[in-house]
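Everything below concerns the one structure shown next.
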Amino acid sequence: MKQINHLIDGKHVPATSGRTSPVFNPATGEQTAELGLASIEDVDAAVASSKKAFESWRGMSIARRTKIMFAFRDLVVRNTDEIARRLTAEHGKVLSDAAGEVARGVENIEYACGIAEHLKGSYNENASTGVDVYTVRHPLGVVAGITPFNFPAMVPLWTIPNAIACGNAYILKPSEKDPSAPMFIAELFHEAGLPEGVLNVVHGDKVAVDRLLEHPDVKAASFVGSTPIAQYVYETGTKNGKRIQALGGAKNHMLVLPDADLDLAADAAVSAAYGSAGERCMAISIVAAVGDIADPLVDAISERMSKLTIGDGTNADSEMGPLVTKEHRDKVAGYIGTGAEEGATIVVDGRDQDFDGDGYFLGVTLMDNVTPDMTVYKDEIFGPVLGIVRCETYVEARDLIADNQWGNGAAIFTRDGGAARDFQENADAGMVGINVPIPVPVGYHSFGGWKDSLFGDTSMYGPEGVRFFTRPKALTSRWPDPATSSVDLGFPTNG
C-alpha cells in the first residue's frame, strides 16, 4: 500500500502519531494509499523548519523570488496532466474538470510572478521640510493554509504563491481525502528552486489544525471549507492572535427572469449545478425562476440532464464523476428523500440511476417547488442536487439572497439592463454574475463572499491576498544639518 508522508525541510518524513487515514479512489471504492496523520510534534517540526527558513527567505531579493515563481509556473503548466490525473484518482472529478482546476490555479501563480509590482510602496519626498515619508509592506513570517477536498490543487494555489512571493514561509495542511495533488505541487515548488523549509506540508486532522492555530510562531492562516469549521478556525485563530481568513459554505442562487434566453439559462444551470458533482462552493444550488419562465425552464433543464454521461473521471466520455466519499454520497442521497417528504416535486431523481461497481456515484437530481422553509433549501447539500424556487417577481427572487445566511455568489440571467444594474448593486453576495452562473474572479481580482461565507476582513488571492500576507510599515526620514538641531518638547507638526 502506498504511504503518503509529510514534506518537511524538503524531505518526506513519516508521521510520528501512529495514526493513519485511508485514501480511496471514489470511482472504484478501492483504497489506494495510507496517509500518516500529524502529531503535535510533527506540526512543531514543520513550524520550526519554516521559522528557520523564513529568516533567509525574507531577505532574498524580489528578483530571485520572482525567478523561482516563473520556474514554478512553467513546471505546473508542463505537469498539468499529471496533476489532473492525481486529482481525478482521489477526488473523482473528470479529467477535463481537473485540468481546468489547474489552469485556474496557474492564474494565481502568474499574479505572484508580478510580485515586484504588487509590493511597490508609496513615497512622498519633502512631506515636511526636509522630511520624506514612505510606506513598505513586510512579510508576516510563518503562515499556514488549511485547504479543502473539493479543489486540492486550485485552493492551495490561491494562497501559496502570493504568500511565498511576499517573503513568508508557508505550511500547508491539505485535505486528508485527496493529498497527492497538493504534495506533487509542493515537490514542483522545490524543483523550481525554492529553498528547503519555505514550503512544508503536514497531513492531519483536527490535531494538526488546532496546533497550527495555537502555535505562537504561526502568524496567519487561510482556510476554505464548511461554515461551522470556518467559524471555528476564525474564532480559535483570532483568539490566539492570528490573522485569519476563513471561507465557509454557500447556497448560491441563480435568478432567471422571464426575458432571459431560455437555452442560455438552462445550459448555465445544468453546467453550474452538476459540474464536479456539485462539490463546488460556487455551484448553483437554487434557481429562482421568476414568473412564467418557470415551466419551460424546468423542462429545458430536465431535458439536458437526461443527456449527461456520469462515470469514472478517467473515461473521456464522462461529464460528471462520483462524489468524494461513500458517506458524503449517502448524505446527499438522503437530502433527496427529505425534499420529497417536505413537499418538493422530484422532477429527476438521481437515486434512480444504477452504476456498476462500488464507486460513490449518484445521479443528478432536480427538485421543483422548493420553498425557503425546506431543509433542502436551508442546508448546503454540496452535491448534484438543484432546487427550483418559483417567484412571482424579481424583487421576491432578489430578496431570497438577502434573507439567506450565506453570501458567496449570486447570478442573474436577463436581457433587461435595468434589472441587471439593480442586481449587481443590491444582490447581497460577495461575487455576482450577470449572465455568468459561476462568477469566480480572475487571478488579478480577489475571491470572497459575504455573511457566513467569509470570516475575516480579507478576501483570497489577487490584491487582497497580497495585503493579507503582508503588513505595512510607514517610514519617516530626515537628514538635517547637525548645526540646526535643538531640543523641542512640543508636539511634532508639519511645516
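The values are calculated or read from the model by the stated rules, or taken from the named source; none is laboratory data. Worth saying up front: this structure is predicted, and the values here are computed from it rather than measured. Don't worry about glycine lacking a Cβ; one is built from the backbone with ideal geometry, like all the others, and counts go over all protein chains shown.
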- [ ] With respect to A98, determine if the residue is in contact with a strand residue (DSSP E or B) (Cβ under 9 Å, 6 or more places away or on another chain), surrounded by 14 or more Cβ atoms within 10 Å (Cβ to Cβ) and either among the basic types (K, R) or farther than 19 Å from G145 by Cβ (or both).
- [x] no
Task: D81 vs. criteria more than 20 Å from the chain's Cα centre (by Cα) and modelled with pLDDT of 95 or more - done: yes
Open item on the list: Taking the conditions exactly as written (outside the structural domain of Y170 (by TED's automatic domain parsing), part of a helix (DSSP H, G or I) and not charged (D, E, K, R)), does A429 satisfy them or not?
Closed with: no
- [ ] Considering only region 399-410, state which residues are out of contact with any Pro (no Cβ under 7 Å at 6 or more places or on another chain) and buried (at least 23 other Cβ atoms within 10 Å of the Cβ).
- [x] I401, N404, W406, G407, N408, A410
Open item on the list: As an exercise: evaluate V256 against (1) over 30 Å from L213 (Cβ atoms); (2) free of Cβ contacts under 8 Å to residues at least 60 places away in the same chain and give the number of the one condition it does not meet.
Closed with: (2)
Open item on the list: Being surrounded by 14 or more Cβ atoms within 10 Å (Cβ to Cβ) and more than 13 Å from T365 (Cβ to Cβ) is the filter here; which residues of region 316-353 pass it?
Closed with: S318, E319, G321, P322, V324, T325, K326, H328, K331, E342
- [ ] Filter region 3-53 down to residues that are in a loop (DSSP other than H, G, I, E, B), among the charged types (D, E, K, R) and either more than 17 Å from I171 (Cβ to Cβ) or in contact with a Cys (Cβ under 6 Å, 6 or more places away or on another chain) (or both), then give me how many there are.
- [x] 1
Open item on the list: Can you say whether N108 is touching a helix residue (DSSP H, G or I) at 6+ places or on another chain (Cβ under 7 Å) and farther than 22 Å from P139 by Cβ, as far as the supplied structure shows?
Closed with: no
Open item on the list: Please go through region 298-315 and give me each residue that is touching a Leu at 6+ places or on another chain (Cβ under 7 Å), within 23 Å of G100 (Cβ to Cβ) and surrounded by fewer than 19 Cβ atoms within 10 Å (Cβ to Cβ), ordered by number.
Closed with: T314
TODO: Kindly list the number of the only condition in (1) over 30 Å from F54 (Cβ atoms); (2) crowded, with 18+ Cβ neighbours inside 10 Å that fails for N435.
DONE: (2)
